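The values are calculated or read from the model by the stated rules, or taken from the named source; none is laboratory data. Everything quoted here is computed from the prediction, not taken from an experiment. Cβ atoms come from the backbone with ideal geometry, glycine included; neighbour counts cover every protein chain shown.
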Amino acid sequence: MQNFKAILDDICETAKNAKEKGTVASYIPELAAVDKNNFGIHLRTLDGLDYGAGNFETPFSIQSISKVLALSKAMALIGESVWKRVDVEPSGHPFNQLALLEIENGIPRNPLINSGAIVIADILLSHLKNPKEDFLNYVRELANDTNINYNTAVANSEKNTGFKNYAAANLLKSFNNLENPVDAVLDFYFHQCSIEMSCSQVSKAFFFLSNKGGDLKKIAQLTESQAKRINAIMLTCGFYDEAGEFAFEVGLPGKSGVGGGIVALLPDHYIITTWSPGLNKKGNSLLGMLALEQFTTKTKLSIF
Ligand code: DON
């Protein structure tokens, strides 16, 4: 049995003392004020044991991490039909890149880049009765925690500055790949990204993807095969043009967000979440990636 608590404490200490902490995202003005000295890490093992270090109970903006939960809900609602509207290939480009979308006739490369996530938001808007309320409840149920909420200041901040997302949504609409009005889809998308959760809440919410047992069917309403596919998409597309680097350094399926969070998992073993708001040049948490590399190296627990 490994001493996970000591390993997390050690990783946290290294991160807190790091000189280079990356740059906090400022293109969503509300996110620019977050202190980059925050560092949290939380591990939940398959037997339900929890270990945390640093600021692992401080809520942060989950941003693109929400795209995985939106995808799971869309797969639970319409199954295989999702793949008529979005592909499953890595893009090799930044999360907000538009060129491929135009060349590929409005079919996004995958559901984790912004254009793909906007298509998934459109699916949720079409199939949920009260989309924002129902999606929030889904996340709360997964995490078993009713304290999780949208941050409307962050959602509005992105509404005022998210010009590339408006461009992506308009392109999708021009290719008939959005059923609902652009403004309605983006209002939902900006809200899903604004959800605030702590590392421990994220680990709990993503537990179903590491656990082939009851949680999948009971709460997430997914099959094992659908969970396998979500993990595959996280491995190949979860870090945009840094997906190869994350697989190379860390060796786990995972997903990052510009709020500085990263969630990653080893199926049948554990879920791990880190939060460090400073990002690297590709928009992924600088110290989060380093921390996860240390974790899989020290514990020898990765998929490879
Ligand atoms: O749409 C956006 O640009 C943000 N709401 C989310 C982007 C994001 O988190 C990219 N991930 N690293």
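Laid out as a table, the results:
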read-out	value
Check on Asn147, under 21 Å from Gly259 (Cα atoms), within 20 Å of the chain's Cα centre (by Cα) and away from the ligand (no atom under 16 Å from the Cβ)	yes
Scan of the range 238-280 for residues that are assigned to a loop (DSSP other than H, G, I, E, B), surrounded by fewer than 24 Cβ atoms within 10 Å (Cβ to Cβ) and more than 15 Å from the ligand (Cβ to nearest atom), ordered by number	Gly251, Pro267, Asp268, His269
Residue list for the range 135-149, restricted to those being closer than 20 Å to Gln63 by Cβ and either charged (D, E, K, R) or surrounded by 15 or more Cβ atoms within 10 Å (Cβ to Cβ) (or both)	Phe135, Leu136, Tyr138, Val139, Arg140, Leu142, Ala143, Asp145, Ile148
Residue list for the range 93-114, restricted to those being in a loop (DSSP other than H, G, I, E, B) and more than 15 Å from the ligand (Cβ to nearest atom)	Glu104, Asn105, Gly106, Ile107
Residue that is farthest from the ligand (Cβ to nearest atom), among those in the range 50-85 that are among the aromatic types (Phe, Trp, Tyr) and in contact with a strand residue (DSSP E or B) (Cβ under 8 Å, 6 or more places away or on another chain)	Tyr51
Residues of the range 163-172 that turn out to be out of contact with any Ser or Thr (no Cβ under 8 Å at 6 or more places or on another chain) and either modelled with pLDDT under 95 or more than 12 Å from the ligand (Cβ to nearest atom) (or both), as a count	1
